[in-house]
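What follows is a short report on a single structure.
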């Protein structure tokens with residue numbers, strides 16, 4: 001019956017990695033609701049599930065050799081838009097932490113916006129997956145989940161800040177000096193790859 005409902009042409013998009021990626025946008029309204037009602041523990045649990053789907057989609061795509069350009073772009077879309085949805089939720093949950101760190105958070109947001117604008121306007125692509133970007137996203141999600149469950153840690157926050165700055169700078173440099181694609185993992189690999197051709 002499922003095969004009759006979904007057109008054969010679109011069935012190729014219904015892979016486990018893409019379904020895991022789709023779970024993140026499906027969680028956005030739940031995360032927004034939980035932040036509005038200030039249910040911090042439930043928000044932390046939902047965000048933990050969010051983080052797991054972010055890690056597992058790429059893992060399963062590589063493991064079962066079903067990586068696609070669509071999947072890479074869909075994952076990046078979910079990551080990037082998810083960051084913009086989670087940020088206001090955090091302000092609703094932890095306004096004092098955001099206010100106390102507003103300057104550095106503002107710098108990171110501006111760097112993130114700059115690299116995103118470069119991606120869209122220079123490469124017309126949002127499917128870049130640098131290791132530093134993945135590490136930054138994982139560190140951010142871990143920090144928020146830990147804050148929801150155990151309380152705020154300035155050390156964890158500072159670690160995320162350092163990784164986020166390195167990540168956005170690496171992405172911006174990669175876009176400026178070359179044309180990375182969805183298979184680019186680091187500017188070091190980009191340089192090495194560029195030097196071989």
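No lab work stands behind these numbers, since they all come straight from the coordinates. These numbers come from a predicted model, not from an experiment. Cβ atoms come from the backbone with ideal geometry, glycine included; neighbour counts cover every protein chain shown.
Scanning the range 40-50 for residues that are within 20 Å of residue 128 (Cβ to Cβ) and touching a residue at least 60 places away in the same chain (Cβ under 8 Å) turns up nothing. Among the residues of the range 163-186, those identified as without any contact (Cβ under 8 Å) to a residue 40 or more places away in the chain and surrounded by 17 or more Cβ atoms within 10 Å (Cβ to Cβ) are 163, 167.
Residue 149 falls short on exactly one of the conditions (1) surrounded by fewer than 17 Cβ atoms within 10 Å (Cβ to Cβ); (2) under 30 Å from residue 67 (Cα atoms), and that condition is (2).
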